[in-house]
Amino acid sequence: MNKKILISLSTIAAVAAVAVGGTRALFSDTETSNGNIFTAGAIDLKVDHTYASYDGQECVGECTEEDTDLIVNGGFEDPNLSNGQWQVYTGTTVPGWAVVGGAGLEIQDHAAGNPHGGSQLAELDSHGAGSQSTIEQVISTVPGQKYRLTFWHSPRPNNGPAGDNTIAWTVLVTSTSGVMINSTVENSSIGGSATSWTQETYNFIALDTQTTVKFADAGNQADTLGGYLDDIAVHALNCTPFAYTNGGTCTLWGEKDLTQGDTFWNFTDVKPGDYGTNVISLHVYTNDAYVCLLPTNIQDDENGLVDPEVALGDDATTGELSGELQFFVWNDKNNNGVFDAPTEDVLVNAGTPMRSLNTMIPLALSSPAPIDFVGFTWCAGTQTGPSTSSDTPAVSCDGNGMGNKAQTDKVISDFVAYAVQQRNNSEFSCDQVDLTPAVAADSAPH
């Protein structure tokens with residue numbers, strides 16, 4: 001709560017008395033500084049859970065698309081051409097779309113191949129100098145809502161060499177909040193005698209009230225003969241929690257204050273060699289802050305004993321699982337769920353036990369947004385991988401490192417996103433954080 005200290009009647013008075021002819025005259029002057037205010041600063045931390053996978057299976061949820069398509073003119077049917085015609089458009093002359101790079105957007109009506117749907121299609125390696133073009137459309141979105149982008153692409157018929165039909169596309173937010181999808185889709189084969197359409201599907205969580213859908217030609221030749229694009233659509237999704245094949249559930253969410261039930265991990269049958277990846281994004285508002293992601297209230301539960309544990313002398317007092325789960329944490333700057341050396345920073349060295357994650361290097365976040373993505377890769381066993389930003393070995397998981405003492409064990413913890421102002425805290429480190437007895441931060445139960 002902001003607090004105001006008002007000094008509304010502070011005065012500086014100068015008083016002088018002079019005796020004149022036996023009388024006393026009083027001279028005074030009062031100067032008042034009105035409305036002095038001290039407002040206590042604040043830090044507002046928001047957390048997203050944008051990606052999760054378990055044993056290679058992605059958390060996609062059981063989702064149904066809402067009827068409304070948010071993309072205008074996704075089939076490029078407007079402007080309407082006659083059969084066999086093609087035309088290049090620039091600027092905002094194609095309803096719904098803006099040409100933001102290159103010679104323009106080429107629309108064809110059966111001029112060199114059949115569209116996927118309707119009568120027309122688009123080609124981004126269009127015509128003229130600088131033929132490799134980029135188009136975009138801004139749509140209205142709800143922060144935290146999940147959406148699905150779909151589109152169809154095809155090589156241009158009778159065109160080669162291979163690789164010259166590439167379509168690169170990105171989905172970004174229009175504010176500074178960040179890039180949600182940045183991917184390249186390629187048609188690597190030479191176009192046949194007719195169009196051959198393939199659908200691409202991507203789910204994303206909106207971070208802002210406006211989201212930009214962008215497509216750009218990325219073929220290896222600017223020869224006006226590129227890949228085709230058709231039937232672009234974006235629908236809001238209604239999703240239920242997703243159940244992994246190997247046990248456990250997951251949920252994803254957009255920017256929010258965390259509450260009970262917002263869990264990053266919920267696994268019921270972890271086996272040696274199991275692994276997973278999560279991407280979490282963080283935002284701070286009002287003040288620049290250092291942010292840590294830390295486990296707290298770790299409860300190692302023996303959860304019963306089985307013969308292999310007894311044979312190793314397990315005494316049923318405390319479980320061992322939090323020491324058998326090893327983590328690697330990095331600053332996933334491009335939000336792709338993969339550590340990219342040397343451009344991304346290691347926050348926790350590969351092979352760090354869960355109970356030791358308080359060694360995380362704090363993120364220095366600026367207010368307001370842009371967001372910062374944090375990638376977590378965990379392993380039930382021995383994890384190897386990077387310990388510095390220049391390390392290139394991939395993260396790997398060896399289940400042989402997980403001993404029988406951990407059988408049936410269960411670990412429950414809270415996972416806290418902790419923020420502290422940067423100003424006057426230049427020596428801050430995550431291992432200084434004491435989250436007991438009160439947790440004054442956004443937290444998600446583990």
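For this structure, a couple of remarks:
- Looking only at residues in the stretch 88-104 that are assigned to a strand (DSSP E or B) and under 30 Å from the mean Cα position of the chain (by Cα), the one that is surrounded by the most Cβ atoms within 10 Å (Cβ to Cβ) is Val99.
- Residues satisfying the stated conditions in the stretch 112-134, i.e. under 15 Å from Gly227 (Cβ atoms) and at pLDDT 95 or above: Asn114, Pro115, His116, Leu121, Ala122
- Selection within the stretch 376-395: residues that are of a type in the set (A, V, I, L, M) and open to solvent by 30 Å² or more (accessible area, probe 1.4 Å). The member of this set that is farthest from Val348 (Cα to Cα) is Ala394.
- Residue under evaluation Gly276, criteria (1) open to solvent by less than 60 Å² (accessible area, probe 1.4 Å); (2) not in a strand (DSSP E or B); (3) not hydrophobic (A, V, I, L, M, F, W, C), criterion not met: (2)
- When Asp262 is tested against (1) part of a loop (DSSP other than H, G, I, E, B); (2) open to solvent by 40 Å² or more (accessible area, probe 1.4 Å); (3) of a type in the set (D, E, K, R), exactly one condition is not met: (2).
- Residue under evaluation Gly74, criteria (1) within 30 Å of Cys239 (Cα to Cα); (2) open to solvent by 30 Å² or more (accessible area, probe 1.4 Å), criterion not met: (2)
Here's the yes/no breakdown for (1) of a type in the set (A, V, I, L, M, F, W, C); (2) part of a loop (DSSP other than H, G, I, E, B); (3) over 16 Å from Asn73 (Cβ atoms):
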position: Ala111; (1), (2), (3): yes, yes, yes
position: His116; (1), (2), (3): no, yes, no
position: Ala122; (1), (2), (3): yes, no, no
position: Gln137; (1), (2), (3): no, no, no
position: Gly144; (1), (2), (3): no, yes, yes
position: Leu149; (1), (2), (3): yes, no, no
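- Selection count where residues are in contact with a helix residue (DSSP H, G or I) (Cβ under 7 Å, 6 or more places away or on another chain) and crowded, with 17+ Cβ neighbours inside 10 Å, scope the stretch 336-360: 5
- Yes/no for Thr388 being β-branched (Val, Ile, Thr), assigned to a loop (DSSP other than H, G, I, E, B) and more than 29 Å from Ala206 (Cβ to Cβ): yes
- Being modelled with pLDDT of 90 or more, of a type in the set (Gly, Ala, Ser) and open to solvent by less than 50 Å² (accessible area, probe 1.4 Å) is a description that does not apply to Ser367.
- Asp398 meets all of the listed conditions (1) open to solvent by 30 Å² or more (accessible area, probe 1.4 Å); (2) closer than 17 Å to Asp332 by Cβ but one, namely (2).
The values are calculated or read from the model by the stated rules, or taken from the named source; none is laboratory data. None of the values given here were measured: they were computed from a predicted structure. Reconstructed Cβ throughout: ideal geometry from the backbone, glycine too, with neighbour counts over all protein chains shown. For the accessible areas, the whole protein counts, side chains as well, though only heavy atoms, and no ligand, DNA or RNA atoms are used. Shrake-Rupley method; radii C 1.70, N 1.55, O 1.52, S 1.80 Å.
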